[in-house]
Amino acid sequence: MELTFSCPSCGTVGQVAPLESAELAVCRRCGFTRPLHPEAISAAGLEACPWCLTADLYIQKDFPQALGLFIVLVGFAISTVFWYYEMPIATFAVLLVSALLDGVLYHTVPDVTICYRCSSQVRGNTGEAPGRFQPFDLAIGERYRQERIRAQHLRERGA
Ligand SMILES: [Zn+2]
Ligand SMILES: [Zn+2]
């Protein structure tokens, strides 16, 4: 497993790999060090965020959604050219191929597991039972967003 985190001190994105044997996350840029939570990974796989121990995690396909959209749009653009030249079979073949390509990509790219609270990402074989974590849930995401806003207010008042 590999952990991707954003340094709380300087914002640099850092990596910890392999996560299983790592005890510390160290920022390459500013040297910020933070102990990780080994208890976040149990025998049953990933249980919580190794960075902040939040059990609310969500999964997402580890490929830019813009890429999927790009494939569909390019397929559409090419197919309209064939359509213009009255080649319906070629038109539908192009549409079909781009849809297939998108589908194949979607099913072959692995998931990335992301923490609602700190947005740390865990890649690799996280080992948890299928369905343990769900795709992003707006209600849960909103709860953590509100929490971040409150924390920000408190910090500003304290400063
Ligand atoms: Zn840093
Ligand atoms: Zn976290």
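The table for this structure:
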read-out: Rounded FRET efficiency, nearest 0.05, which uses the C-beta distance separating GLN60 from ALA90 and R0 of 35 Å; value: 0.50
read-out: Selection from GLY68, THR113, LEU95, by position along the positive dipole direction of segment 59-159 (Cβ); value: THR113
read-out: Per-pair calculated FRET efficiency, R0 = 30 Å: VAL72 and SER119 via Cβ, rounded to 0.05; value: 0.65
read-out: Radius of gyration and Dmax over the Cα atoms of the chain, both given in Å; value: 20.9, 69
read-out: Only Lys, Arg (+1) and Asp, Glu (-1) charged, at Cβ; the chain dipole about Cα centre in debye; value: 680 debye
read-out: Value of [θ]222 nm, deg cm²/dmol, for the chain, DSSP H segments ≥ 4, -39500 (n - 2.57) each, nearest 500; value: -13500 deg cm²/dmol
read-out: Formal net charge of residues neighbouring TYR144 (Cβ-Cβ distance under 14 Å; K, R +1; D, E -1); value: +1
read-out: Whole-number percent relative contact order across segment 1-116, with pairs defined as alpha carbons under 8 Å at least 6 apart; value: 19 percent
read-out: Fully extended contour minus Cα-Cα distance, from ASP111 to ILE140, at 0.36 nm per residue; value: 8.5 nm
read-out: Computed label-point distance, nm, for sites THR33 and SER21 using a 7 Å Cα→Cβ extension; value: 1.9 nm
read-out: Kyte-Doolittle at least -1.0, axis length at least 15 Å by Cα - qualifying DSSP helices, the chain; value: 65-84, 88-108
read-out: Loop-located GluC sites (Glu not before Pro) in segment 21-69 whose Cβ has at most 11 other Cβ within 10 Å (DSSP); value: GLU23
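Quick note: the coordinates plus some simple rules give every number you see, no bench work behind them. Values in this document were obtained by computation on a predicted structure and should not be read as measured data. When we count neighbours, we look across all protein chains shown, and the Cβ atoms used for this are built from the backbone with ideal geometry, even at glycine.
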